[in-house]
Amino acid sequence: MGCCCDKNCKESKKLTSKELIEMEHHYGAHNYHPLEVVISRAEGVWVWDPEGKKYLDCLSAYSAVNQGHRHPVIIKALKDQADVLTLTSRAFFNDQWPVFAKRLCEYTGKDMVLPMNTGAEAVETAIKLARRWGYEIKKVEKDKAEIIVMRENFHGRTTTIVGFSTDPDAYNNYGPFTPGFVHVDYNDTAAVEKAITKNTVAVLVEPIQGEAGVFVPNDGYLKKLREICTKNNVLLVADEVQTGFGRTGKKFCFMHDDIEPDIIIMGKALGGGVFPVSAVAANKGIMGVFTPGSHGSTFGGNPLGCAVALAALKVLDDEKLADRSAEMGAYFMAKLNELKAKSKKIKQVRGKGLLIGVVMDKDILSAAGEKARKYTTALKERGVLAKETHDWIIRFAPPLVITKADIDWAMGIISEVLG
Ligand SMILES: *Cc1c(COP(=O)(O)O)cnc(C)c1O
């Protein structure tokens, strides 16, 4: 049975999950290892497969769907904008980018923003910005700039970015890599202090390491990094692509430490789960080093993305989703901790807001010849979609519009599987 693509055929047959999985496996590059579930429809925290089975989404497309799937305000903005203007390139002005730029400056408290599309592009932008600032303002000797990065980081998939990843899966056989990156352990401020030289231009950090397994640093970690950076005239660059926009219970995760980074990197939920929109924010003294022609993107600042992002920010504010994330996250984590008290398999529950990692006992799992994948598969069978990171950590990060009733429903299944 195949898809009926004949124009004259009125009743196009729907492909089954099994057929779609086989088709993807055959024609799509194998750079992912998805759970065996096909999603063909979604609304709020729920998604459905082609057979009509319903699942609770506890991944939110790696926190890109904080506002919930197909939020009506965001979808309306998309449709309305699609009807009038979608793309101009930055060779001309358009009537959406300036409005979105102003709004994002207000949201971040920074003077200026630069728009891109994906998170990795925003990270690349921040790297270029920090280096240029280093040469032109800090007066670092040509081509000597160093950026301090953390072990176990995840900042995206471009060649430069994977070049400073410490995960062999991410970097293997992609070299030679961009030089100028220095590694230190995450959550170790003394190591940062030691690694700083006269050529250091920036410290690049995730406020919580999401992909590494929801690794939450000690309270005050960012505050101490802020002090070290200020003292040494080094830029503090926060990658808030995953932790931003309410995910951890604050607008941005760095706000838990009550600090201001010099450069804020944003993506994922900035596009409301609808359109790729990313951006970098900084004050004039830094962003001013970009001059016409020195950086750009054909789709960056496109009117469709800007209209969507404006709506995405409006929903976050109107529905107070950061506060909601703090409240629902505390509720979810308390329930998971109750389960942990009863289950030997769960070693730790960690996170902030609705970015939660359940660390399973590696020894118990390996003694049984199991990996977290077995559990995420079992959760999926029962209707909860969560993804493992590494072989023993399961991340729970549902859309921030989740209710206590939804969490209770999910906990029934999680208890069955992990209990
Ligand atoms: C997802 C992610 C990125 C990369 O974003 P893409 O849109 O996939 O390029 C960068 N940094 C962090 C912390 C992320 O979680």
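The values are calculated or read from the model by the stated rules, or taken from the named source; none is laboratory data. Just so we're clear, the structure is a prediction, and the values are computed from it rather than from any experiment. Positions of Cβ are generated from backbone atoms using ideal geometry, with glycine treated the same way; all protein chains shown enter the neighbour counts. The accessibility values were calculated without ligands, DNA or RNA, using every heavy atom of the protein model including side chains. Shrake-Rupley method; radii C 1.70, N 1.55, O 1.52, S 1.80 Å.
Charge dipole (Cα centre; +1 on Lys/Arg Cβ, -1 on Asp/Glu Cβ; no other charges) of the chain amounts to roughly 200 debye. Here the simple spin-label model places points 7 Å from the Cα toward Cβ, and for D95 and N232 these points are separated by 4.9 nm. Remark: region 231-240, residue by residue, has Karplus-estimated 3J(HN,Hα) of 4, 9, 6, 10, 7, 9, 10, 9, 8, 9 Hz, where x stands for each Gly or Pro and the curve is 6.51 cos²θ - 1.76 cosθ + 1.60 at θ = phi - 60°.
Peptides 375-381, 277-283, 177-183 ordered by packing proxy, namely the average of other Cβ atoms within 10 Å per residue, highest first: 277-283, 375-381, 177-183. Cross-link pairs exceeding 26 Å between alpha carbons, from the set K138/K223; K102/K404; K224/K371; K13/K53: K102/K404; K224/K371. When the Cα gyration tensor is reduced to axis lengths a ≥ b ≥ c, the ratio a/c is 1.5 or higher for region 177-237, and with a/b not above b/c it is classed as oblate.
Measuring between their Cα centroids, region 231-297 and region 183-202 lie 20 Å from each other. With q set to 0.10 Å⁻¹, the log10 of I(q)/I(0) for the chain, from the Debye formula over equal scatterers at the Cα positions, is -0.72. Here the relative contact order of region 72-318, from alpha carbon pairs under 8 Å that lie six or more residues apart, stands at 31 percent. Where a ≥ b ≥ c are the square roots of the eigenvalues of the C-alpha gyration tensor, would you call region 202-328 rounded, which needs a/c under 1.5, or, failing that, prolate if a/b is larger than b/c, or oblate? The shape class here is oblate. Computed per residue of the chain from DSSP H runs no shorter than four, each worth -39500 (n - 2.57), the mean residue ellipticity at 222 nm is -11000 deg cm²/dmol.
Ranking L270, P115, N233 by how far each Cα lies toward the positive end of the dipole of the chain (charges on Cβ) leaves N233 at the top. Extension gain, C105 to F177: 0.36 nm times the residue separation minus the Cα-Cα distance gives 22.6 nm. The peptide list 214-221, 304-311, 363-370, 199-206, put in order of mean Cβ contacts within 10 Å with the highest first, becomes 304-311, 199-206, 214-221, 363-370. The accessible area of E152, taken with all protein chains in place and a 1.4 Å probe, comes to roughly 90 Å².
Computed over neighbours whose Cβ is under 12 Å from that of G210, the net charge equals +1, Lys and Arg +1, Asp and Glu -1.
First select every other residue whose beta carbon is under 15 angstrom from the beta carbon of V401; then total the charges, Lys and Arg +1, Asp and Glu -1. Net local charge, V401 excluded: -2.
Projecting the alpha carbon convex hull of region 30-91 along each direction and taking the average yields 6.8 nm².
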